[in-house]
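Contents: one structure, followed by commentary.
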Amino acid sequence: MKAVFIRELKPLLDTIAEQMELYVPRKSGEYYVFSKYDPATGAAVEFNNIRVCTPVKEFLFPLRELAAVFPEPAQPPQIKPFAVFGLKDCDLRSIEVLDKVFAEEEFEDPFYVKRRKNMFIIASDCSDPAESCICNVLDGKPYATSGFDLNVSKIRDGFVVETGSDKGEEFVEKHSQLFSEAPETLLGQRDEERVKTQKQLEQQNAELNFNRPVKEVVENSEESDVFDQEAKTCIECQACTRICPTCHCFYLYDTSQKDYFAKMKMWDSCMRMAYAEVAGGANPHKILGDRLKHRLMHKFVYFLDRYGLKMCVGCGRCIDAEAGGVDLRVVLKKLSEELKEKQKAKVAK
Amino acid sequence: MNENPYQPIDGQVVDIIDESPTIKTFVVAPQEPFRFATGQFVELTLPGQGEAPFTPSSSPAQAAKMDITIMKAGRVTALLHQCQKGQKVGIRGPFGKGYPVDDLVGKEVYIVGGGVGLAPIRSLFLTLVEKIKDFKSVVCRFGARTPEDLIYKDALFGTWQKIDGVDIKLTVDNANGDWKGNVGVVTTILNSDDVNIKNAVAVVCGPPIMMKFATLKLLEFGFPAQSIYLSMEKNMSCGIGKCGHCMIGKYYVCKDGPVFTYEQIKKYPHIWD
């Protein structure tokens, strides 16, 4: 890890854009979205103080992609190196989750792996968390400490750029003329900002202190009717799973083109009624509340049991996207209260 | 295995056998060498139309052609039932872990099957009888809705009955005039002295409701949960533990199953739904 200083972002992004396609945050209404960076337009570079609205999975696992062509196998798509600027700790942790699924040794998803290998990650610190951000209660921080090639922290008169990989290290060495030394005082400034943001998160999420692991809270809710209650207002739009950076369910379907057949991969959602239905009609998740329960069990229990990390990074996107008013924070809080009551009753006995 | 796990290999339907009014066996010849272990499943693609998971019903020893017994149950299977000999198909797999044949050596194997659930069981049965001396006995209790719904009739009433070390009993839920055997669901022909439970392993495959009650009966007999092997039918799609549709708790049925011991999955909700 090496830290350097740069006064403005433009020279850094211009240099990256000379080498590969670069995606940067752009404000759209009250949210940020990614758009392709074009140095020629001279548009001001925006530093996103908070995660971009759309999930990073779009870069690695597109909404819809060609998975197979036959009778003649398709040539694998040519993926060129690309860079994404403005990813946050929650985004990087969501990539860690996706890596577990799509890059696992036994069965690699060749499309994901190709994109992942070609991705250059420029992360940045958060300084203005949204009301829905709950990363601090789910192992996250408003700044990244790993999982990036470069990380950019905004300070008073410029930016601290830190390297986090060999690729990042090489980049800084190769373009050393862009940067100056980052003395301790600047790193001190950065750390002050980080502490401030962390405190803000802790304050706003003070009520989400469960006093016990979230896994335990969710795992013990098998018999709870909180899911049925909370799902009452769900309109089954599936936005929560589409926008979730770790949700990775997909649907494989066959199509017929003029001179070939194809298999397509398309995002799917476990909140969909027929998601788990089999041809004979059996469906373990017929009831909406059961689907909500399964979604949370997967995120906080099953994935953790299987891969050793939670499948929720606390980015809060599902809360922002909710059209039906189902709030992850409320569900977790109610489950936690229920568990406390249960344990109290047990002690009383 | 193919570098792209979503890419099927070519295959062709070389024969079609009518088993019952709703069930046919498709003999499929893969166009390149294809091996599977008994109990593993394949994804069979009808090009441009869709794919569905099936456990081959033939012995893995018969490598050039595999039998796939299919009940008309949904969209893809209905289309498959309309196919003729010569139909081109795609095959992905094999997927999953299959039956633990090595763990059955020296044991009494107690096989409970129902309906089209006899398909995976036929593959296991043929695998076992190839080395029948390795197993203490193979005791089968099979059921179907009506006599005409019973599949593999020639084997069930003929060749399989004659194999030393094999004991087969059949039942149907509803009988017509000619049926001389037992009438009742499959649990009505299960008896605690069919096998010596201390040295037996049970294998169950059939419709969910039958699997549930057969499992409960076996537990009542004293079978430990880890000695009951269940072939779980869930919505297996990708086959490689990624797409999520077939999850039972932390398990992907496609990758960790489709055969599980009851011990592995009993704590999870809706396993029979």
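Read-outs throughout are calculated quantities, based only on the coordinates presented, and are distinct from any laboratory measurement. Remember, it's a predicted structure, so these values are computed and weren't measured experimentally. Note that each Cβ is placed from the backbone with ideal geometry, even for glycine, and that neighbours are counted across all protein chains shown.
Worth pointing out:
- Average beta-carbon neighbours from other chains, 10 Å sphere, peptide A:98-108: 3
- For the stretch B:4-50 and the stretch A:209-272, distance of Cα centres in Å: 30
- Pairwise FRET efficiency - A:Asp228 versus B:Cys83, Cβ, R0 = 41 Å, nearest 0.05: 0.40
- B:Asp134/A:Lys27 FRET efficiency (R0 45 Å; Cβ-Cβ; nearest 0.05): 0.05
- Using just its DSSP H runs of length 4 or more, each adding -39500 (n - 2.57), chain A gives a mean residue ellipticity at 222 nm of -10000 deg cm²/dmol after division by all residues.
- Antiparallel DSSP beta bridges within the protein assembly as shown, as percent of all bridges there, nearest 5: 65
- For A:279-292, mean number of other protein chain Cβ atoms within 10 Å: 4
- The Cα center of the stretch B:199-273 and the Cα center of the stretch B:53-126 differ in position by 17 Å.
- Computed [θ] at 222 nm, helices only, for chain B once each DSSP H run of length n ≥ 4 contributes -39500 (n - 2.57): -4500 deg cm²/dmol
- Remark: the stretch A:26-40, residue by residue, has Karplus-estimated 3J(HN,Hα) of 9, 6, 10, x, 8, 10, 9, 10, 8, 9, 5, 7, 10, x, 5 Hz, where x stands for each Gly or Pro and the curve is 6.51 cos²θ - 1.76 cosθ + 1.60 at θ = phi - 60°.
- Taking a sphere under 12 Å around the Cβ of B:Arg141 and counting the other residues whose Cβ falls inside, with K and R at +1 and D and E at -1, yields a net charge of 0.
- Centroid-to-centroid separation of the stretch A:321-345 and the stretch A:1-55 [C-alpha atoms, Å]: 38
- Entries in A:Lys100/A:Lys215; A:Lys215/A:Lys334; A:Lys299/B:Lys72; A:Lys88/A:Lys154 that, when Cα-Cα distance is taken, lie over 24 Å: A:Lys299/B:Lys72
- Calculated FRET value between A:Asp157 and A:Asp99, using beta carbons and R₀ = 30 Å, to 0.05: 0.25
- Other-chain or far-sequence residues with amide H under 5 Å of B:Ile168's (modelled H): B:Cys140
- Under 14 Å from the Cα of B:Lys212 - aspartates and glutamates, other chains or at least 8 residues apart: B:Glu220, B:Glu233, B:Glu263, B:Asp273
- For chain A, alpha-carbon Rg relative to the globular expectation (2.2 N^0.38 Å, N residues): 1.08
- In order through the stretch A:117-131: 3J(HN,Hα) via Karplus (6.51 cos²θ - 1.76 cosθ + 1.60), integer Hz, x for Gly, Pro: 5, 9, 9, 9, 9, 10, 7, 8, 6, 8, 10, 9, x, 6, 4
- For the stretch B:101-231: rounded, prolate or oblate by the Cα gyration tensor [a/c cutoff 1.5]: oblate
- By the rule of a C-alpha distance below 12 Å, with chain neighbours fewer than 8 residues away ignored, the aspartates and glutamates paired with B:Lys153 are B:Asp18, B:Glu19.
- Whole-Hz Karplus values for the stretch A:259-270 come out as 10, 7, 10, 9, 10, 10, 10, 9, 3, 10, 9, 6 Hz, taken residue by residue from phi with 6.51 cos²θ - 1.76 cosθ + 1.60 and θ = phi - 60°; glycine and proline positions read x.
- Label-to-label distance, nm, for residues given as B:Arg35 and A:Arg212 (7 Å Cα→Cβ offset): 5.0
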